[in-house]
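Heads up: the structure comes next, in structure tokens.
Here, each number is a calculation from the coordinates, and none is a lab measurement. Here the structure is a predicted model, which means the values were calculated and not measured. Here the Cβ positions follow ideal geometry from the backbone for every residue, glycine too, while neighbour counts run over all protein chains shown.
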Amino acid sequence: MKHQTLEQLHTVAKIQPLSTYPFMTRQQRIERWAVLLEKDPDRCLVALTGTEHLKREARDSARCEGSPITVAFEDPVLRELGLRDDSYGEAKRFFELTDRQLHSIVCSCHVGTTFKAQWAAARVRRTIGGNKLLEWLSEKLWH
């Protein structure tokens, strides 16, 4: 194998980085989501209804246009990092959230049918700094 510089390789091939965006940790992805929500704090968002009553498959595929998850999916950076759609299950996977955490952000029983993005941002941020023991206990009781 012959060693070539990047400049030499450019003469024979089109070189592109694997990603135009750096890797982000879970906390950084969640923080970006909160920042995106705060960019338009008065934006009216739509809540998902009854996520805690849905069977896992239905809950994972649940979505609605204009939800807090939609705001995340509208961001090209988060899509480039792997956010595939604006469904409940995809947000849970991508942001590494528990059902309890995501439910408290997007479900109508916590927020009503519509709510402001500013309020959603506060709930998203709370997932970063919450008490881990209480989260674990809450998750155990929820299931």
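Measure off 7 Å from each Cα along the Cα-to-Cβ vector at GLN118 and THR70, then give the distance between these two points in nanometres to one decimal.
About 2.1 nm separates the two model spin labels.
In nm, to one decimal, how far is the LYS55 label point from the VAL77 one, both placed 7 Å along Cα→Cβ?
Between LYS55 and VAL77, the label points sit 3.9 nm apart.
Quick one: length gained pulling ASP42 to GLU96 fully straight, 0.36 nm per residue minus the C-alpha distance?
In short, 16.8 nm is gained.
Length gain on complete extension for the stretch LYS2 to SER108, per 0.36 nm per residue less the alpha carbon to alpha carbon distance?
Answer, rounded to one decimal: 32.1 nm.
Specify which residue in the list THR51, LEU83, PRO41 is farthest towards the positive end of the charge dipole of the range 20-142, using unit charges on the beta carbon of Lys, Arg (+1) and Asp, Glu (-1), about the Cα centre.
My answer, from the dipole projection, is THR51.
Rounded, prolate or oblate: pick one for the range 20-142, where a ≥ b ≥ c are the square roots of the eigenvalues of its C-alpha gyration tensor, a/c under 1.5 means rounded, and failing that, prolate if a/b is larger than b/c, else oblate.
Note, shape of the range 20-142 comes out rounded.
From the phi of every residue in the range 101-114, what ³J(HN,Hα) in whole Hz does the Karplus formula 6.51 cos²θ - 1.76 cosθ + 1.60 yield, where θ is phi - 60° and glycine or proline is x?
5, 5, 4, 5, 8, 10, 8, 4, 5, 9, 10, x, 6, 9
Please arrange GLU90, GLU65, GLU96 by how many other C-beta atoms lie within 10 Å of their C-beta, fewest to most.
Lowest count first: GLU65, GLU96, GLU90.
For ARG126 and GLN28, what does the FRET efficiency come to when R0 = 22 Å and r is the distance between their Cβ atoms, rounded to the nearest 0.05?
Given R0 = 22 Å and the Cβ-Cβ separation, E is 0.85.
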